[in-house]
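These notes are about the structure you will find just below.
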Amino acid sequence: MTPDLMEAGARTMAAHQSLAKGGLAGEEAYFGQGVALYVDGITVSFDGFRALNNLSLTIDVGELRCIIGPNGAGKTTMMDCITGKTRPDSGKVYFGSNIDLLRLTEPQIAQIGVGRKFQKPTVYEQLSVFENLELALRADRRVRASLFSRLSGEQLDRIAEVLLLIHLKDDAQRTAGLLSHGQKQWLEIGMLLMQDPKLLLLDEPVAGMTDEETERTAELFLSLEGKHSLVVVEHDMKFVDQLTEGCKKVTVLHEGSVLAEGLLADVQANEKVVEVYLGR
């Protein structure tokens with residue numbers, strides 16, 4: 001890896017991972033009563049349009065929750081509020097039971113354990129798969145430290161573990177730009193996992209994937225359930241069905257509010273959901 005690429009990578013990772021000086025050093029979320037994320041009465045307006053309208057939502061520790069709904073339902077704006085990109089007009093957003101996310105910046109929210117994956121994968125295409133995961137480690141990734149330090153055995157083991165988990169063990173030395181679209185999605189998820197987030201927000205993670213890649217992604221997410229809390233925004237109902245088999249909740253958003261919530265079969269039978277989203 002060349003010094004200029006290391007420097008560019010370190011700058012970008014720092015923007016997403018590092019706390020501002022004097023920030024929340026040592027502060028951790030308390031997941032009281034099994035709550036990982038608590039959203040209460042969030043309202044967001046853009047030029048008179050209400051993107052979110054008194055939205056309330058609770059995600060339990062270790063839960064895998066799918067969020068569905070038509071375009072414009074407020075799914076992305078909800079994630080923006082959770083991650084600090086958008087400040088709501090009113091309402092509350094708590095991580096665990098004691099950290100008010102509305103008081104924090106985007107880098108601070110990432111540092112305390114909230115990871116977000118956007119629809120379009122963002123990886124360092126000039127670097128290898130291994131180097132992408134190396135940069136994502138929760139460690140001192142400043143340029144000097146990156147250039148003159150070696151990975152510990154524990155860190156190497158962690159990278160190997162994630163490579164296996166994201167189905168890229170045999171592609172570790174491959175340049176990331178040569179990966180398929182689905183493989184780039186897995187790599188970005190792996191980079192998030194290197195930071196050991198407590199909560200993962202995943203926006204349409206299987207968009208553009210082949211059927212085989214979609215199935216493998218479902219297996220990956222199900223393997224993360226319990227170790228992490230996952231919020232998956234998705235339109236692919238077959239994929240949602242794979243993730244929610246059993247007694248898992250699905251939440252349907254419409255016009256910035258929760259339209260329905262419950263088992264997928266119950267949601268699919270809801271007349272209002274069929275009318276505004278699933279079609280007849």
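Laboratory data are not the source of any read-out in this text; all were calculated from the coordinates shown. As the structure is a prediction and not an experimental result, all values here were calculated from the model. Cβ: placed from backbone, ideal geometry, glycine included. Neighbour counts: every protein chain shown.
For the reader, a short list of remarks on this structure follows.
- Net length gained if the chain between Phe118 and Ser90 were fully extended (0.36 nm per residue, minus Cα distance): 7.6 nm
- Net charge dipole size for segment 3-278 [Lys, Arg +1 and Asp, Glu -1 on Cβ; Debye, nearest 20]: 900 debye
- Taking every alpha-carbon pair in segment 3-278 and binning the separations at 5 Å intervals from zero gives 1, 6, 12, 16, 18, 17, 13, 9, 5, 2, 1, 0, 0 percent.
- Using 0.36 nm per residue and subtracting the Cα-Cα separation, the extra length available between Arg174 and Phe46 on full extension is 41.8 nm.
- Dipole axis of segment 3-278 (+1 Lys, Arg; -1 Asp, Glu on Cβ), positive-most option in Thr251, Tyr277, Thr210: Thr251
- Antiparallel content of DSSP bridges confined to segment 3-278, in %, to 5: 55 percent
- Less than 5 angstrom separates the built amide H of Ser45 from those of Ala51, Asp89, all sequence-distant by 5 or more or on a different chain.
- Pairs from the table (Lys184/Lys227; Lys120/Lys227; Lys75/Lys272; Lys92/Lys117; Lys92/Lys184; Lys169/Lys249) lying more than 29 angstrom apart at Cα are Lys92/Lys184; Lys169/Lys249.
- Loop-resident sites, segment 154-211, for GluC sites (Glu not before Pro), counting at most 12 other Cβ within 10 Å (DSSP): none
- Per-residue ³J(HN,Hα) for segment 36-49, Karplus 6.51 cos²θ - 1.76 cosθ + 1.60, θ = phi - 60°, Hz, x for Gly and Pro: 9, 9, 10, 10, 9, x, 6, 10, 9, 10, 10, 6, x, 8
- Distance between the pseudo-spin-label points of Leu278 and Ala160 (7 Å out from Cα toward the beta carbon): 4.6 nm.
- For segment 203-258, the set of GluC sites (Glu not before Pro) satisfying both a DSSP loop assignment and a count of at most 11 other C-beta atoms within 10 Å is given as Glu245.
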